[in-house]
Amino acid sequence: MGKLKLRGKDLIAIGYPQNKSITIAMELMLKYYKRETKERVLKLLKEVLDNPEHFKQDGTFGKIAEALTEAKKTEFRKLNATRAPFTIFGENDIENAAKDQLYTALKLPISKAGALMPDGHFGYGLPIGGVLATENAVIPYGVGVDIGCRMCLSLYDINPSYIEGHKERYVNILENQTRFGMNEVHKSPNDHAIFERSEFRDIPFVKRLKDKAYKQLGSSGGGNHFVEFGIVEVLANDEVLNVPPGKYVAVLSHSGSRGLGANIAKNYTYLAAKQTPLPKEAQHLAWLDLNTHDGQEYWLAMNLAGDYASACHHDIHKRIAKALGERPLAMVENHHNFAWKEMINGEELIVHRKGATPAQENVLGIIPGSMTAPGFIVKGKGNPLSLSSASHGAGRVLSRAEAKRTLTRSDLNRVLKDHGVTLIGAGLDEAPMAYKDINKVMAQQTELIDVLGTFTPKIVRMDRG
C-alpha cells in the first residue's frame, strides 16, 4: 500500500472550513495514518467534522476537533509593562543574566508570582533555581528538558566504616548496577507498572516513546547525574524523617526522565512556540493554555515523565539493595523541573520549579553539594515568599565550557584526594570547583528549610563522557 496522498482541497470538498483545522488534519493524518486509504481517512475526518465535541478528548483527533469548534487566531503576545511580585534569595551571589531571565518571566501576561533560589544561575527560559506561578497555563521550558529530574536517598543500617574497609565491593556494585549516558542500558530491564499507564496508549506521540523508555528504565543521564555511596549523619530525632540520630551508609542518586522527558519537552515546546509567539527575549517562555488539547496533553505527558523518573530511581535503588543484601531503613525523594497545581493566596495556580524543589511545611527533600561537598536532608517550612520552594543544589559558578577550559585533571584529582572521594567517570565540567559553596547557599535559605541531616559523598559514579 502506498503513502497516503491527501490534499487540502480534499478536506474542503467534504466541508472543512478554510482555517488551521485543515493544516492540523493534514499533519496528523500524514503522521499517523499514512498507510491508510484516502477513502478511510476522509471518512474519519468527516466524522470529526460532523461531531467535533465527541472527539475533544481523543489523542489523535482532539486537536482537529478543537480547531473546528474554536478556530482561534494565533496572535503575537506582548509582555506586561510591570513584573508580578517576586523574591530573590541570596541575590548578591546570583549573576545578573539569571535575574534578568526571571524579570522577563514575571512580565508574561499569565504570571502571578515568582522567586529565585540562592543556587540560581542562567538557563533557558526560566533561570535554574527559578520558580514561577502562572494562571491556567504551563510553560514547557519553564519545566525544563529533563522533566521530573530528582534526588533519591536510601539509608542503610550499615556501619559507615564498611565503605572504606570494603571499598572494592562498593565500587563494584556501582560499576555493575548502574548505567549512564546515551548508550548504556541494562541488558535485562525490569518490568514496572509505569508501562501500563494509559498515556502510553492514548497519546500518539508518547506511544512512540514507550519502547525506548522501557529499555532505559533504571539508567541515569549524563552531565551532573550521579549515583553514589556516602555517609549520612542524622542530627536529631524528627517525626517526619523517623530515623534515629546517628551515622548510616547511604545511596544517593540524581537523574531524570531520560529520552522520554527530553522528547516530550522538545515536542510541546515547539507547539507552545507556535501557539503563543513572544518577543525575542521571552521566546523560550511560550506557554500552553490548559484549556486546550495540547495543554491537557502536555500536562498528562509531563506527569507521566515525572513518574517515570521516579521509577528509574526506584529501579536503581532496588538493584543496589539487592547487591548489598540489605533493606533500606528509609527513603527520601524530591524532584525539580516540574509544574504543580498549588493554592497561592487562595487561588489555584501552576507553580513551575526549574532547578528548585518543593519545600512545603514538613515536606522532606535532599539538597546535594558536589562530588566532594556535603549534601543535606531538609524539611520545608512552607515560606510563601519562595512559593514554598528551596534550592535543588549548590548551583554552578562556572559554566561547563568555562570549567573545561580553566580546570585540569590534576586539579580535580587533588580535590578528590583531599576529601577521600573515589570517582568513577565524570568530566572536568562536573569538578567540585565548578559549583558554588553549598554551605553558603544553605545559609541563604534558612527561612525556607530546616536541616535534619548531612550526606558526605565517598564513592561517586557518573557518566564517563
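A few notes on this one:
- For the chain, the solvent-accessible area works out to 45 Å² per residue, with a probe of 1.4 Å and every protein chain left in place.
- Partners for residue 46 among aspartates and glutamates (Cα-Cα distance below 12 Å; same-chain residues under 8 apart left out): 10
- Most tightly packed first, judged by the mean number of other beta-carbon atoms within 10 Å of their residues, the peptides 26-33, 321-328 read 26-33, 321-328.
- For region 367-428, the relative contact order comes to 31 percent (Cα pairs under 8 Å, sequence separation of at least 6).
- Only aspartates and glutamates eight or more places from residue 99 in sequence, or on another chain, were considered; those with a Cα closer than 18 Å are 91, 119, 281.
- Summed over qualifying helices (DSSP H, 4 residues or more, each -39500 (n - 2.57)) and divided by its residue number, the chain shows a 222 nm mean residue ellipticity of -10000 deg cm²/dmol.
- Surface share of carbon and sulfur [accessible, 1.4 angstrom probe, percent] for region 1-81: 48
- For region 325-465, the fraction of 1.4 Å probe accessible surface lying on carbon and sulfur atoms is 50 percent.
- Ordering of 171-180, 221-230 by packing [mean C-beta count within 10 Å, highest first]: 221-230, 171-180
- Fraction of antiparallel bridges per DSSP, region 35-155 only, in percent to nearest 5: 65
- Packing-based order for 436-449, 402-415, 126-139, using average beta carbon neighbours within 10 Å, highest first: 126-139, 436-449, 402-415
- Unit charges on C-beta of K, R, D, E only; dipole of the chain, Debye: 1920
- The distance from the alpha carbon centre of region 378-425 to that of region 83-161 is 16 Å, rounded to a whole number.
- Crossing angle, helix 38-50 versus the chain [Cα axis fit, 0-90 degrees, rounded to tens]: 90
- Degrees separating the helix 167-177 axis from the principal Cα axis of the chain, which is the longest one: 10
The values are calculated or read from the model by the stated rules, or taken from the named source; none is laboratory data. Quick caveat, the model's predicted, so the values are computed rather than measured. Positions of Cβ are backbone-derived with ideal geometry, glycine not excepted, and every protein chain shown enters the neighbour counts. These accessible areas exclude ligands, DNA and RNA; they are computed on the full protein's heavy atoms, side chains included. Shrake-Rupley method; radii C 1.70, N 1.55, O 1.52, S 1.80 Å.
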